[in-house]
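Only one structure is covered here, and it is reproduced in the block below.
The values are calculated or read from the model by the stated rules, or taken from the named source; none is laboratory data. From a predicted model like this one, the values you see are computed outputs, not experimental measurements. Neighbour counts are summed over all protein chains in view; Cβ atoms, including those assigned to glycine, are modelled from backbone coordinates with ideal geometry.
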């Protein structure tokens, strides 16, 4: 089978900045490649038109057409022509695109099926974040969903919330994000040190991921456990609500003086380095308010780390509370801190959660499992 992914981002040095969607697409692409598929990544918004190969995956960079006020329209026409030609040449069998900003809203291929996968649209995240969405984004996102030949979602919560937001009654097949569980594997024995104190957050420093709650949570931890240390890894993002240019600067004002002394912000690090920091941590924390199905949680679980995450919506699709992690409302700072400290002080419970977490990742979120589920879905679509 020949599968193309249409995306605004992909994790490669030649293609610019990328985020969570791109990681999910790359993981699935690698899984499909191992299943004998041919995979092509169509990346729009690039500086030039180019094609190159990356570990067996064909990367096609596509430059947007610049026409004042009409770039969105002419770029979609260009993408449509590319898809039609690739399909006519039997280079691809179908195209999968994310819901973000509804790029396929005015793309109408002659025959090539279009699949939309919910990773979380702008409308979805604005709704969870309780802020207004740009009307044009909501328009294109809804139209893309209405026109798609088939629909996927990374979680049932995201599917249900999307139907609610757009006032739709669409049927979504749920296939989660996957990771390479061999890449994110334990490379040192689980710690048995009762004095372990390393708390790790990795991901963007942004309001929607609960980063303005984390200082208050850590202030409470320091009262319980003065030796606790918090390491933050990720890109510092401007705050859309306050207009601040730096979420990290906002966070620093929220820590107590004593707590701030035990906080280390490392900025962005390479994808490969993340594994080292996860491995060296005692507990990973994710107090997020807005996700679809977070890959970062799964990566930490794959490395057998005890996790304390938010208890909102999508969370139960990843973590079973008190089985392979703790789920707590991020605004309940005292309880959240208490759960983290429980794990810091209890190596046997950390071990129990960690082992159960990796078992769940292998069973549900490994790229081989997700790739096989995706192939079944694609084959059923092509038989219609």
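State yes or no: is residue 169 surrounded by fewer than 16 Cβ atoms within 10 Å (Cβ to Cβ), without any contact (Cβ under 8 Å) to a residue 24 or more places away in the chain and assigned by TED's automatic domain parsing to the domain that holds residue 376? Spelling it out, residue 169 is indeed surrounded by fewer than 16 Cβ atoms within 10 Å (Cβ to Cβ), without any contact (Cβ under 8 Å) to a residue 24 or more places away in the chain and assigned by TED's automatic domain parsing to the domain that holds residue 376.
Conditions (1) assigned to a loop (DSSP other than H, G, I, E, B); (2) surrounded by 19 or more Cβ atoms within 10 Å (Cβ to Cβ); (3) in contact with a strand residue (DSSP E or B) (Cβ under 8 Å, 6 or more places away or on another chain), marked per residue:
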position	(1), (2), (3)
108	yes, no, no
117	no, yes, yes
125	no, no, no
138	no, yes, no
157	no, yes, no
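In this structure, residue 308 does satisfy being outside any loop (DSSP other than H, G, I, E, B), in the same structural domain as residue 202 (by TED's automatic domain parsing) and at pLDDT 95 or above. Kindly indicate whether any position in the range 72-92 is under 18 Å from residue 1 (Cα atoms) and assigned to a strand (DSSP E or B). Checked the range 72-92: no residue is under 18 Å from residue 1 (Cα atoms) and assigned to a strand (DSSP E or B). Taking the range 345-354, which residues are in contact (Cβ under 8 Å) with a residue 60 or more places away in the chain and either touching a strand residue (DSSP E or B) at 6+ places or on another chain (Cβ under 6 Å) or closer than 10 Å to residue 304 by Cβ (or both)? Within the range 345-354, 350, 351, 354 qualify.
Residues that are free of Cβ contacts under 8 Å to residues at least 24 places away in the same chain and part of a helix (DSSP H, G or I) within the range 266-294 comprise 272, 273, 276, listed in sequence order. Tell me whether the range 300-312 contains one or more residues that are within 18 Å of residue 331 (Cβ to Cβ) and out of contact with any strand residue (DSSP E or B) (no Cβ under 7 Å at 6 or more places or on another chain). For the range 300-312, residues within 18 Å of residue 331 (Cβ to Cβ) and out of contact with any strand residue (DSSP E or B) (no Cβ under 7 Å at 6 or more places or on another chain): present.
Conditions (1) touching a residue at least 12 places away in the same chain (Cβ under 8 Å); (2) in a helix (DSSP H, G or I); (3) in contact with a strand residue (DSSP E or B) (Cβ under 7 Å, 6 or more places away or on another chain), marked per residue:
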site	(1), (2), (3)
196	yes, no, no
199	yes, no, yes
217	yes, yes, no
227	yes, no, no
231	yes, no, yes
238	no, no, no
241	yes, no, no
248	yes, yes, yes
264	yes, no, yes
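This table checks each residue for (1) within 24 Å of the chain's Cα centre (by Cα); (2) surrounded by 15 or more Cβ atoms within 10 Å (Cβ to Cβ).
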position: 295; (1), (2): yes, yes
position: 322; (1), (2): yes, no
position: 327; (1), (2): yes, yes
position: 345; (1), (2): no, yes
position: 359; (1), (2): yes, no
position: 382; (1), (2): no, no
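Of the residues making up the range 1-45, those that are assigned to a loop (DSSP other than H, G, I, E, B), touching a helix residue (DSSP H, G or I) at 6+ places or on another chain (Cβ under 6 Å) and buried (at least 20 other Cβ atoms within 10 Å of the Cβ) are 9, 10. Scanning the range 14-27 for residues that are under 11 Å from residue 59 (Cβ atoms) and more than 13 Å from the chain's Cα centre (by Cα) returns 14, 15.
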